[in-house]
Amino acid sequence: MGIFTRFTDIVNSNINALLDKAEDPEKMVRLIIQEMEDTLVEVRSTSARLIAEKKDTERQLGRFEKEVAEWENKAELALSKDREDLARLALIEKQKAAADAASLQADITRIDEHLTRLNEEVGQLQEKLADAKARQKTIIMRQRAASSRLEVKKRIDSGKIDDAMLRFERFESKIDDLESQVEAYDMGKKTLRDEFAELETDDKISDELAALKARVNKDKTDNKA
C-alpha cells in the first residue's frame, strides 16, 4: 500500500469503529498510534523532498526566465542592426525558453497543490493522533477492567463458587456434629458452678418457706383472737 493511500485511509478512518471490531482494543489502539506516527514521519519526509524539488524547479525557472529576457534583447539588437534573420532566430529561442519556463511553472503549481493537500491532511492526522493518545489510557483501563469483570463473571457462572460454598456448608455441618458430641458427653454432669447455683437456690427456697410459715402462723393467731 502506498504512503498516500494508507495516509488517506487513516485520516478518513473512524477510530471508534476500528476499536469496536478489534479483539484486543488495547493492542489495536497502540497499533493505530504507531501507524499514525510512522505515517507522519513518512509524510514529513515526502514534504521535505517536495520542498527541495520545488526550490530546484524555481532555480531552473529563474534561468529560463532570464533566457527569455536575453533572447528578447538579442532580437531587439538584431533588428536595430537590420538583421531580421537573426532577430527571427532569437525569437525562436525565446519561445523555446518561454515554453520551458511555462512547463516548470506548471510543475511548481502542481508541487504547491500537493504540499497544500499534504499540510491539510497532516493537520487532520495530528488531531486524530492527539485524540488517540489522550484516550489511550482510558481505553486501556476500560479494556482491563472489562476483562477482569468478565473473568470474575466466568468463574462465578462456572459453578466453582457454588461448589466451594457447598463444601463450606458440609464442613460447618461436621463441626456442628463434633460440638454436639462434646455437649452430649457433658450432659448429666454437674459443674462446680452448678453446685453453688443449687445451694443458692436452696437458700432462697428455705427463706421463702420460713416467711410463708410465719405469715400463716400470724394469720392463725389473729383468727383466734
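The values are calculated or read from the model by the stated rules, or taken from the named source; none is laboratory data. This structure is a prediction, so every number in the text was calculated from the model and none was measured. Note that each Cβ is placed from the backbone with ideal geometry, even for glycine, and that neighbours are counted across all protein chains shown. Accessible surface areas use protein heavy atoms only, side chains included; no ligands, DNA or RNA. Shrake-Rupley method; radii C 1.70, N 1.55, O 1.52, S 1.80 Å.
All of Arg155, Arg144, Arg193, Arg170 fail the test of being assigned to a helix (DSSP H, G or I), open to solvent by 90 Å² or more (accessible area, probe 1.4 Å), under 26 Å from Lys27 (Cβ atoms) and modelled with pLDDT of 70 or more, apart from Arg144. Can you spot a residue in region 96-114 that is in a helix (DSSP H, G or I) and in contact (Cβ under 8 Å) with a residue 60 or more places away in the chain? Yes, region 96-114 has at least one match.
One line per residue, one yes/no per condition, for (1) under 30 Å from Gln143 (Cβ atoms); (2) within 46 Å of the chain's Cα centre (by Cα); (3) without any contact (Cβ under 8 Å) to a residue 40 or more places away in the chain:
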{"residue": "Ile33", "(1), (2), (3)": "yes, yes, no"}
{"residue": "Thr46", "(1), (2), (3)": "no, yes, no"}
{"residue": "Asp56", "(1), (2), (3)": "no, yes, yes"}
{"residue": "Val68", "(1), (2), (3)": "no, no, yes"}
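Restricting attention to region 68-87, the residues being surrounded by 14 or more Cβ atoms within 10 Å (Cβ to Cβ) and outside any helix (DSSP H, G or I) number 1.
Looking across Ala132, Ala106, one residue alone is modelled with pLDDT of 75 or more and surrounded by 12 or more Cβ atoms within 10 Å (Cβ to Cβ). It is Ala132.
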